[in-house]
């Protein structure tokens with residue numbers, strides 16, 4: 001799946017989080033502090049559930065929770081590629097990115113994790129109150145207008161959504177037309193950074209112990 005759309009949450013609140021990177025307990029603490037209701041609320045993730053932090057497998061288990069929805073980050077993509085096409089080069093590349101935890105996990109479990117991660121979309125959109133809409137991707141949205149079909153048909157644009165840092169590195173403040181807000185992770189920032197209508201919210205929780213959790217339902221119009 002490339003793209004998944006969610007209708008407005010009529011019974012509870014919607015939240016978005018930056019890159020988890022194995023920080024399962026930190027997420028649980030933040031959700032508890034926010035009074036998160038698993039029966040009514042939803043949590044959307046910018047991806048990179050795994051690597052670097054202490055609890056990658058626990059974070060992967062979130063993909064099976066009905067209240068949790070994530071995009072596929074570049075670390076999940078590394079896992080999928082390594083598990084499906086194992087080679088010393090791919091394994092070394094992933095280990096350097098913090099994927100050494102998988103060396104202690106059975107091949108059977110890793111295949112299940114890779115299959116489940118490959119089912120996650122690269123792009124999510126969520127309807128908000130007032131007829132607005134927010135999008136979530138991992139690295140950056142690569143166009144100046146909302147056009148998921150165009151991105152899906154171009155492998156380079158799909159790659160950019162998981163890997164690119166060009167927008168934040170150049171300080172591009174152009175607003176993406178046709179969408180109200182876009183939330184991205186991937187590039188670590190001290191505090192959330194907004195460029196145009198794109199918000200970069202990976203505050204490096206695995207190092208800083210500061211995971212960004214924002215309430216989509218309370219975004220200003």
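The values are calculated or read from the model by the stated rules, or taken from the named source; none is laboratory data. Computed from a predicted model, the values in this text were never measured in an experiment. Note that each Cβ is placed from the backbone with ideal geometry, even for glycine, and that neighbours are counted across all protein chains shown.
Annotations
- Within the option set 108, 152, being more than 14 Å from the chain's Cα centre (by Cα) and farther than 19 Å from residue 1 by Cβ holds for one residue only, 108.
- Checklist (1) at pLDDT 95 or above; (2) touching a strand residue (DSSP E or B) at 6+ places or on another chain (Cβ under 8 Å); (3) under 27 Å from residue 27 (Cβ atoms) applied to residue 165, failing item: (2)
- Within the range 29-59, the set of residues being over 25 Å from residue 187 (Cβ atoms) and either touching a helix residue (DSSP H, G or I) at 6+ places or on another chain (Cβ under 6 Å) or surrounded by fewer than 16 Cβ atoms within 10 Å (Cβ to Cβ) (or both) comprises 32, 33, 35, 37, 38, 39, 40.
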